[in-house]
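Before any comments, here is the structure.
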Amino acid sequence: MLWYLGYTVLFVEDFDHTLAFYREKVGLPVRFQAEGYVELAMEGAKFALLARSRVPGLVGQAHAGKPAPGSHEGAVTFLVEDVDRAHRELGGRGVPFLGAPQDRPWGQRTVYFHDPEGHLIEIATNLPRPGRSAG
């Protein structure tokens, strides 16, 4: 069986505000939108937002809880050609970064920010190393 990542979907309380953040500050255009759901245009797996109010209809009320404020259950990583340039451009649009880009021991240069709902988002560039392209 072949597995691949098809979607990353973030559940959000304030759908319109969070969508505006990703469109206006991060600069992602809308690929598809329906009531309480939007896919943002990018290469690779689909990145989407879903109004948290729609979650009980998908998984039932008993499984639709919200994480505690300030907790991180994971992160979404966007790969870009130049993380430093992305940091400058997005910072200029008001994206709230949690520091400056850094080279990481796993072979990437990364920087993090929180979206309006508190999701941890990483922007990364693969660093050149033998057998791996930088893109």
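The values are calculated or read from the model by the stated rules, or taken from the named source; none is laboratory data. What you see is a predicted model, and the numbers here were worked out from it, not measured in a lab. Note that we place each Cβ from the backbone using ideal geometry, even for glycine, and neighbour counts take in every protein chain shown.
Numbers for the structure displayed
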{"read-out": "Every residue from segment 1-38 that is under 22 Å from E89 (Cα atoms) and among the acidic types (D, E)", "value": "E24"}
{"read-out": "Count of residues meeting criterion [on the phi > 0 side of the Ramachandran plot and touching a strand residue (DSSP E or B) at 6+ places or on another chain (Cβ under 8 Å)] in segment 27-43", "value": "1"}
{"read-out": "When residues of segment 48-67 are limited to those that are in a helix (DSSP H, G or I), modelled with pLDDT of 75 or more and of a type in the set (A, V, I, L, M), the one farthest from T8 (Cα to Cα)", "value": "A62"}
{"read-out": "The listed residue being outside any strand (DSSP E or B), small (G, A, S) and at pLDDT below 90, out of G70, G91, G99", "value": "G70"}
{"read-out": "Test: residue in segment 53-75 that is among the hydrophobic types (A, V, I, L, M, F, W, C), surrounded by 14 or more Cβ atoms within 10 Å (Cβ to Cβ) and within 17 Å of the chain's Cα centre (by Cα)", "value": "no"}
{"read-out": "Selection count where residues are farther than 15 Å from F47 by Cβ, modelled with pLDDT of 90 or more and assigned to a loop (DSSP other than H, G, I, E, B), scope segment 111-129", "value": "2"}
{"read-out": "Only one of T77, T110 that is more than 23 Å from H17 (Cβ to Cβ), of a type in the set (S, T, N, Q) and touching a strand residue (DSSP E or B) at 6+ places or on another chain (Cβ under 7 Å)", "value": "T110"}
{"read-out": "Residues of segment 21-41 that turn out to be surrounded by 12 or more Cβ atoms within 10 Å (Cβ to Cβ) and assigned to a strand (DSSP E or B), as a count", "value": "7"}
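Listed here are the residues, each with its yes/no results for (1) under 18 Å from T125 (Cβ atoms); (2) surrounded by 15 or more Cβ atoms within 10 Å (Cβ to Cβ); (3) outside the structural domain of P128 (by TED's automatic domain parsing).
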site	(1), (2), (3)
D16	no, no, yes
L19	no, yes, yes
E43	yes, no, yes
K46	no, yes, yes
L49	no, yes, yes
E81	yes, no, no
R85	yes, no, no
Q102	yes, no, no
F113	yes, yes, no
